[in-house]
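Data block below; observations after.
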Amino acid sequence: MWVFGYGSLIWKVDFPYQDKLVGYISGYSRRFWQGSTDHRGVPGKGCVWGVAYRLPVGKEEEVKAYLDFREKGGYRTTTVIFYPKDTTTKPFSVLLYIGTCDNPNYLGPAPLEDIAEQIFNAAGPSGRNTEYLFELANSIRNLVPEDADEHLFSLEKLVKDRLEGKQNINCL
């Protein structure tokens with residue numbers, strides 16, 4: 001069984017896996033439209049880069065149960081086709097955890113400035129939402145330098161601008 005990570009599963013891999021591949025899924029867009037008390041994609045156009053993890057043989061159900069708990073709060077699973085960055089490897093099916101618009105934590109589309117403000121102020125048991133954003137942006141930059149995820153990188157810039165503004169106010 002393979003699981004696709006497009007958010008914190010890229011940079012916070014706290015489960016066993018046998019192998020991993022960088023690649024993308026199509027027909028989806030990475031968006032920060034999922035609220036969470038502890039953790040945030042939605043169907044859309046384009047593609048989403050991330051990492052597929054092959055779960056260890058004999059531990060698939062155990063790891064999936066852990067991921068079901070970790071990705072609680074409005075996520076459901078579906079199977080999608082994963083396209084490895086290394087084109088010598090054929091596309092294959094992966095399990096995808098996706099936030100849906102019919103859950104209580106779904107925030108929906110909003111102006112980038114409003115999303116940036118929410119990220120800037122949000123924190124939960126897993127940490128500050130700014131950490132999630134910055135870790136994800138850095139991971140995508142390192143894994144897929146050619147990817148221009150406008151939504152992600154625009155939010156990163158807006159939140160960094162807010163942090164700089166706060167630091168400047170604290171220096172006065």
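Assorted remarks:
- For the chain, a crude dipole built from +1 on the beta carbon of Lys and Arg and -1 on the beta carbon of Asp and Glu, taken about the Cα centre, is about 180 debye to the nearest 20.
- Within the chain, percent of DSSP bridges classed antiparallel, to nearest 5: 95
- Solvent-accessible area, 1.4 Å probe, carbon plus sulfur percent, for the range 3-136: 54
- Taking each DSSP H run with n ≥ 4 as -39500 (n - 2.57) and averaging over every residue of the chain yields -11500 deg cm²/dmol at 222 nm.
- Protein heavy-atom accessible surface, 1.4 Å probe, per residue over the chain: 53 Å².
- Of Lys59/Lys90; Lys12/Lys157; Lys12/Lys59; Lys85/Lys160; Lys12/Lys160, those spanning more than 26 Å from alpha-carbon to alpha-carbon: Lys85/Lys160
The values are calculated or read from the model by the stated rules, or taken from the named source; none is laboratory data. This one's a predicted model, so the numbers in the text were calculated from it and none came from an experiment. FYI the Cβ positions are ideal-geometry reconstructions off the backbone, even for glycines, and counts take in every protein chain you see. Side chains included, ligands, DNA and RNA excluded: accessible areas come from the protein's heavy atoms. Shrake-Rupley method; radii C 1.70, N 1.55, O 1.52, S 1.80 Å.
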